[in-house]
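Contents: one structure, followed by commentary.
The values are calculated or read from the model by the stated rules, or taken from the named source; none is laboratory data. On a predicted model such as this, the values are computed, not experimentally measured, just so you know. Glycine also receives a Cβ, built like all others from the backbone with ideal geometry; neighbour counts cover every protein chain displayed.
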Amino acid sequence: MPDQMALDAALRKLKEHGPLSAEAERVAGTGVYIYDAAAGQAIWSREVRRIYGLPEDQERLPLEAGLARIHPDDLPAFLETVRTSVATGEPCALEHRVVRPDGEVRYVHARGEIVCIEGYENPVLAGTVRDVTERYEWQSLVLEQDAQLRAMKAELLFHSRQSAMGTMAATMAHELNQPLTAITFILAALERTDPARLGEREVREMLTMAKENALRAGQIIQRLRHGIVAHRPAAERFTCSQLINEAIRFSSIGCEGVRFVLDVGNNVVESADRVQIQQVLVNLIRNACQAASGRPDAQVRITSRRSPDDPRMLRISVSDNGPGIAEEILPNVFTRGVTTKEHGMGLGLPICKTIIEAHGGHIWARNGAEGACLSFEIPLAPLPEGSAEPV
């Protein structure tokens, strides 16, 4: 059979002089083949037989033996590629899956071109088959890890949103507690008092105070919806004395028996969010009132003046004659969740810190000779671009 001998000789020549020697093909996981589609036969190198799971002692096998190993989903594309190459004489290349007899799936990269072998009648498709399973496994691993990372990212984003919503809800509950408590006190006082003993003026004053607290609650909600840090604070002009008097008016309800001592200058803040700075003062004043309550001489002292460290800054301090802040808590008093109160949420001072820093200022706490003192500084006017941060 001279034709068969020519085909065998061609395979040997392909293995000896092709891109890979017989030994190298084993190391590289690449083998060579010759397909004669017209005769329905093929010759496979040892490495191709190993990759396909074909009998290793049979170099010559029917073409169907190899086709039977190709994954059913990949077989149509394989046959079409081979037919096109045979019809056009153009080289071909494709990747497909091979299913071994034990069910193991391997991925291969097959290349071929039409050649004419001397002494053999039919043109044949000759080329190489390379095992690329490891690359597909790495790609699959990368895709799996990427999917896991995406899932983790989505979960973290979900929990972050849940946490942000929880923080916003807690912040809103904390900040709205004071004006709503004030409204409750006022309405309860009106309900308990004999109408005959109240004049029209007193009733109007109490209703006005309730209305002011309701409006303030609405302003707080609006500021929280916009976000304290994400948006620039609203720019307003107000006097320091006006700010402090309003804050005392809003925070003194429920703090009966506390004496206020004021040392307030006539400084004017040219550009700041009055509602937010008022929130800070109300928090500090109520904390001071609660700390001093129970003492017969309960006192809260409020001072305001230009900062001795930076005349561009306004410094406001609120001090009390209560027990002070425990030394172990003092360094972390502005940390969310840290509180000195039995039923405190640990939100008030962190909110104050966020507001003051959003205005380009800073806030701190210390213990005085008697009680605690909390101070903050904010710019009296907008600081020029590039100016040093206040210290």
- Task: Specify which of the listed residues (Leu190, Leu176) is modelled with pLDDT of 70 or more and assigned to a helix (DSSP H, G or I).
- Result: Leu190
- For the stretch 254-288, enumerate the residues that are farther than 18 Å from Phe238 by Cα and among the charged types (D, E, K, R). Glu256, Arg259, Arg286
- Message: Going by what's in this entry, would Ala247 be described as under 24 Å from Gln299 (Cα atoms), in contact with a Gly (Cβ under 8 Å, 6 or more places away or on another chain), modelled with pLDDT of 65 or more and in a helix (DSSP H, G or I)?
- Response: no
- Residues (touching a strand residue (DSSP E or B) at 6+ places or on another chain (Cβ under 6 Å) and acidic (Asp, Glu)) located in the stretch 60-80: Asp74
- Query: If you check Val86, Val98, Val82, Val124, which single one turns out to be closer than 14 Å to Ile51 by Cα and touching a residue at least 40 places away in the same chain (Cβ under 8 Å)?
  - Reply: Val98
- Looking at Arg130, Arg97, Arg111, which is the one that is touching an Asp or Glu at 6+ places or on another chain (Cβ under 7 Å), modelled with pLDDT of 80 or more and not in a helix (DSSP H, G or I)? Arg97
- Right, Ile316: in contact with a strand residue (DSSP E or B) (Cβ under 6 Å, 6 or more places away or on another chain), within 13 Å of Cys373 (Cα to Cα), modelled with pLDDT of 90 or more and in a loop (DSSP other than H, G, I, E, B) or not? no
- Item | Whichever residue in the stretch 301-313 is of a type in the set (S, T, N, Q) and in a strand (DSSP E or B) and, among such residues, is surrounded by the most Cβ atoms within 10 Å (Cβ to Cβ) | Ser304
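To keep it simple, each residue is scored yes or no on (1) assigned by TED's automatic domain parsing to the domain that holds His362; (2) touching a residue at least 40 places away in the same chain (Cβ under 8 Å); (3) touching a Lys or Arg at 6+ places or on another chain (Cβ under 8 Å); (4) within 28 Å of Ile186 (Cβ to Cβ).
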position	(1), (2), (3), (4)
Asn245	yes, no, no, yes
Arg249	yes, yes, no, yes
Asn267	yes, yes, yes, no
Val280	yes, yes, no, yes
Asn287	yes, yes, no, yes
Arg301	yes, yes, no, yes
Ile316	yes, yes, no, yes
Gly322	yes, yes, yes, yes
- Message: Against the conditions (1) at pLDDT 80 or above; (2) buried (at least 22 other Cβ atoms within 10 Å of the Cβ); (3) more than 17 Å from Arg111 (Cβ to Cβ), where does Pro55 fall short? Just the number, please.
- Response: (2)
- Would you check if there is a residue in the stretch 136-153 being in contact with a strand residue (DSSP E or B) (Cβ under 8 Å, 6 or more places away or on another chain) and either modelled with pLDDT under 70 or not aliphatic (A, V, I, L, M) (or both)? yes
